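K.L.:
Right, I'll just put the structure down here and ask away after.
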Amino acid sequence: MHQNIQFNLPDQIAESVAPWNEWLETGRLRILADDRFRTAPVFGPLLPFWDQIPKCFIPGGEASKSLDVVQKIWSWLDAEATDRGHVLVIVGGGTITDLGGFVASTYKRGLPFVLIPTTIMGMIDAAIGGKNGINYAHFKNQIGLFQLPALTYIDDHFISSLDALERTNGWMELVKHSLIADAALWNDIADIDIHLPDAIEPWIQPAARIKKTIVAQDFLDQSVRKTLNYGHTLAHALEWKAQEDGIPLSHGVAVGWGMIWSNGWSGSLQPTESRSLFQVSQKIHGWLDGIPENNQRDWLSALNPRDVWPAILRDKKNRNGVVLDVVLDRVGNARWDHPLTLDKFSSIWKQVFQ
Ligand code: GLY
């Protein structure tokens, strides 16, 4: 599967140019956007036409990835007399693009859709690869499908509007891409102060390429694509537990902790790599400590790993009751479907978090 991605950057890697003008001239566009773009400017080719196109605004965040919100958007598409000749343009972070891709792919058996990610996480991960969906029964992304957008348009002007937490969230996914697939990229980014102006922008395109290359090899998530879940099994379990405990926990912070735990596990399997993986974890701690808000570190330290394990057992990657997760053989090289037991999970937890 080959995804059409267009960058605003000078050295474009656009494989083809979207027919924006044709869509605009024939009034075929519908826009689904994050609430904050009611008032904030939107960049890119839509800017001059923003006021003329029918729009639906939805608050960003996990709470919007629900069946109720999906129904609201389907009703709005109905009210706007939308058919399969229309294109739904989805503008927002990962939650909005996941949700919007699901709505578009299911309405009338599928409208073409365009993703304009406005967060780092969206630009390098969520908006690439055609995974879309919603949460169900308190677990993330339980209902969804694989459907590529007609186009992903990546405009890095949005990055300067992101706060420190959102920059860190996205950075964790970018770090993840380097650690699973590109040791040279990791060496280039390991010492970056992500809060300096323009520090992140140069790394968006290389990171988006990594994701695109992996997805092109394994669109349906049967093999190498699973490596993108490095750090995510624990992250999703922590997000579930945080929700149970009424603790606000952002995805990127959870992924950071998930990677730190995974590095401990990987080092126990590859003792010759344990030192360099420990150093990676120290860098990740450094970025997480740079978030001005309380990043819930005290809550994490007080948790019992046995209280997180039930959510790990629900992970979509597991097979026949066996937990299967991603390990790093070394920086830049990941292996998927490695079995994990509760005893191993708990002993690594104690080493890295307590
Ligand atoms: N975010 C993981 C994937 O797209 O496979």
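The values are calculated or read from the model by the stated rules, or taken from the named source; none is laboratory data. Because the structure is a prediction, the values reported are computed rather than measured. All Cβ positions, even for glycine, are placed from backbone atoms using ideal geometry, and neighbour counts span all protein chains on display. Side chains included, ligands, DNA and RNA excluded: accessible areas come from the protein's heavy atoms. Shrake-Rupley method; radii C 1.70, N 1.55, O 1.52, S 1.80 Å.
K.L.:
Straight distance only, please: which aspartates and glutamates reach the Cα of K65 with their own Cα at less than 16 Å, same-chain residues fewer than 8 apart left out?
P.N.:
Counting by Cα, and skipping residues close in sequence, K65 has these aspartates and glutamates nearby: D34, D35, D98, E239.
K.L.:
In a Gaussian network model over the chain where Cα atoms closer than 10 Å are linked, find which of K241, K72, K131 has the largest mean-square fluctuation.
P.N.:
Evaluated over the chain, the most mobile residue of the options is K72.
K.L.:
Calculate the radius of gyration of the Cα atoms of the chain to one decimal place, then report Dmax, the largest Cα-Cα distance, as a whole number, both in Å.
P.N.:
19.9, 61
K.L.:
Continuing with this model, one more query. Angle check, please: helix 274-289 long axis (alpha carbons) against the longest principal axis of the chain (alpha carbons), in degrees 0 to 90, nearest 10.
P.N.:
On a 0 to 90 degree scale, this one is about 50.
K.L.:
Give me the percent of DSSP beta bridges within the chain that run antiparallel, rounded to the nearest 5.
P.N.:
40
K.L.:
Per residue of the range 68-74, in order, report the coupling 6.51 cos²θ - 1.76 cosθ + 1.60 (Karplus, θ = phi - 60°) as ³J(HN,Hα) in whole Hz, putting x for Gly and Pro.
P.N.:
4, 5, 4, 4, 4, 6, 4
K.L.:
Once you place label points 7 Å from the Cα toward the Cβ at K350 and D307, how far apart are they in nm?
P.N.:
Between K350 and D307, the simple spin-label model gives 1.8 nm.
K.L.:
Using only the Cα atoms of the range 1-138, build the gyration tensor, take square roots of its eigenvalues as a ≥ b ≥ c, and label the shape rounded, prolate or oblate: rounded if a/c is under 1.5, else prolate if a/b is larger than b/c, else oblate.
P.N.:
Note, shape of the range 1-138 comes out rounded.
K.L.:
Right, next: Ordered by packing density, taken as the mean number of other Cβ atoms within 10 Å over each peptide's residues, highest first, how do 102-115, 84-97 rank? Please report the intermediate quantities before stating the final value.
P.N.:
Working: 102-115: 20.8, 84-97: 24.6.
Sorting 102-115, 84-97 by mean packing, highest first, produces 84-97, 102-115.
K.L.:
Let me check I've understood the local charge: for S64, count other residues with C-beta under 10 angstrom from its C-beta, Lys and Arg +1, Asp and Glu -1. What total comes out?
P.N.:
-3
K.L.:
Separation between the S66 and D343 pseudo-spin-labels, each 7 Å from Cα along Cα→Cβ, expressed in nm?
P.N.:
4.2
K.L.:
Still on this structure, I have one more. Across the range 74-214, what fraction of all alpha-carbon pairs, as a whole percent, falls in each successive 5 Å bin from zero upward?
P.N.:
Answer for the range 74-214: a P(r) of 2, 10, 19, 20, 18, 13, 9, 5, 2, 1, 0 percent.
K.L.:
Could I have the simple spin-label model distance between F278 and W74, label points 7 Å from Cα toward Cβ, reported in nm to one decimal?
P.N.:
Computed distance between label sites F278 and W74 equals 5.4 nm.
K.L.:
On the full set of protein chains, 1.4 Å probe, figure out the accessible area of D343 and give it in Å² to the nearest 10.
P.N.:
About 120 Å², ignoring ligands and nucleic acids.
K.L.:
Over 28 Å between Cα atoms, which of K176/K344; K241/K316; K108/K226; K140/K212; K108/K241 qualify?
P.N.:
From the list (K176/K344; K241/K316; K108/K226; K140/K212; K108/K241), the Cα-Cα distance tops 28 Å for K108/K226; K108/K241.
K.L.:
Return the FRET efficiency for the residue pair W299, Q52: r is the Cβ-Cβ distance, R0 is 41 Å, and the value is rounded to the nearest 0.05.
P.N.:
The pair W299/Q52 has a calculated efficiency of 0.30.
K.L.:
Can you give me the Cα centroid spacing of the range 222-266 and the range 57-73 in angstrom?
P.N.:
Measuring centre to centre over Cα atoms gives 23 Å.
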